[in-house]
There are 2 protein chains.
Amino acid sequence: MPKDATQPARPRPAAAATTADRTEVADLGIVDGLVQLSFVVQGVLGQVATERGLSVVQLRLLGVLRDRTPGMRELAQHLGLDKSSMTGLVDRAERRGLVRRSPAPHDGRVIQVSLTPAGHELVRATAVEADREILALTAHLTDEQRAQLSQLASVLVAGSTVL
Amino acid sequence: MPKDATQPARPRPAAAATTADRTEVADLGIVDGLVQLSFVVQGVLGQVATERGLSVVQLRLLGVLRDRTPGMRELAQHLGLDKSSMTGLVDRAERRGLVRRSPAPHDGRVIQVSLTPAGHELVRATAVEADREILALTAHLTDEQRAQLSQLASVLVAGSTVL
DNA sequence: GGATTTAGTACGTGATACAAACCAAATTAG
DNA sequence: CTAATTTGGTTTGTATCACGTACTAAATCC
């Protein structure tokens, strides 16, 4: 289990915050800021996942399967893993009853992976909590700042995939 | 919950576009934006680390040691790991000649960990490249946006570590 | 000076990740 | 239509990573 990254979760205030929190914060610089932020976010994900007996990787696996039923190879590509890494990952998820393997109709080589009802429910509940926890990270932001951050993050993500 | 670090995600209330550049990017929403961004950043770090035969954890270890010479316990706390996890981590780094263990003068129980010259050089070179790669992620941003993002990230990081 | 706390290690377990070797289905060549 | 090749997955072996538990030795408390 990844008790990962930096911190335990702190209490979360409601995500209302409209008035500027004039907190002066030392600027980490763009690089350190992004790197450290990534650890914070991953830490939160790790925590939420761990609470439900999942690892970040497994959580990601389930997340991908929410609206897809890919083959092993496709799945590996989505997660950026080697195909040989998928076997065990899916094995363990299957053993826990979260995921199912079924042969693909059109191609005898392909094994399609899909969520079981239990898997669906687990990922749904976990997503709700992760959503809340991540949102809590932005508690000190104004709505406008949140919107800015959202947009900027989106640009980076988009830019990184089009390479 | 990452749908996937590299692909579209579920819709979320869009934000009022600020003075965005002409790149129209679908807003992922604050949560998915942050989550996917964290995967992108971690991916870059993992890539850079792997190129030099390191894992992200090891890179982080070396990074912490750049300006510190902590004991094992202190180190564990910095990395958010259990102290029992440190032994192996430091063992492996030591075996590679990147790190050194030395007894602390004032406390016979404490083992201080420090970088070897080789470790210093490796972390230096890796940091340079990581810096470049992370910075490259922001290639589509204006200087002003970069500054904004840097500031926002800093606020989140600060808010998450305090308490 | 003995009890307790603290720092670190040892060991066993489980998850993760990859490479290389391998099998079977599908596709391409000839 | 076979033979060769490509493609999807699994297996196996190795290394890393993280944890909990148990244990040793040095400090500290009373």
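Laboratory data are not the source of any read-out in this text; all were calculated from the coordinates shown. Fair warning: this is a prediction, and the values are worked out from it, not measured in the lab. FYI the Cβ positions are ideal-geometry reconstructions off the backbone, even for glycines, and counts take in every protein chain you see.
Modelled label positions at A:Asp82 and A:Glu51, each set 7 Å beyond Cα in the direction of Cβ, lie 3.5 nm from each other. What relative contact order, as a whole-number percentage, does region B:82-163 give when Cα pairs under 8 Å and 6 or more residues apart are counted? After rounding, I find 16 percent.
Backbone geometry of region B:142-147 corresponds, through the Karplus equation with coefficients 6.51, -1.76 and 1.60 at θ = phi - 60°, to 3J(HN,Hα) couplings of 7, 4, 5, 5, 4, 5 Hz, x marking Gly and Pro. Measuring r between the beta carbons of A:His120 and B:His106 and using R0 = 45 Å, the FRET efficiency lands at 0.20. Karplus-derived 3J(HN,Hα) values for region B:69-77, using 6.51 cos²θ - 1.76 cosθ + 1.60 with θ = phi - 60°, are 9, x, x, 4, 5, 4, 4, 4, 5 Hz; glycine and proline are entered as x.
Over all Cα atoms in region A:52-97, the spread is summed up by Rg and Dmax: 9.8, 27 Å.
For region B:45-150, what class follows from the C-alpha gyration tensor (a ≥ b ≥ c being the square roots of its eigenvalues): rounded when a/c is under 1.5, otherwise prolate if a/b is larger than b/c, else oblate? Verdict is prolate for region B:45-150.
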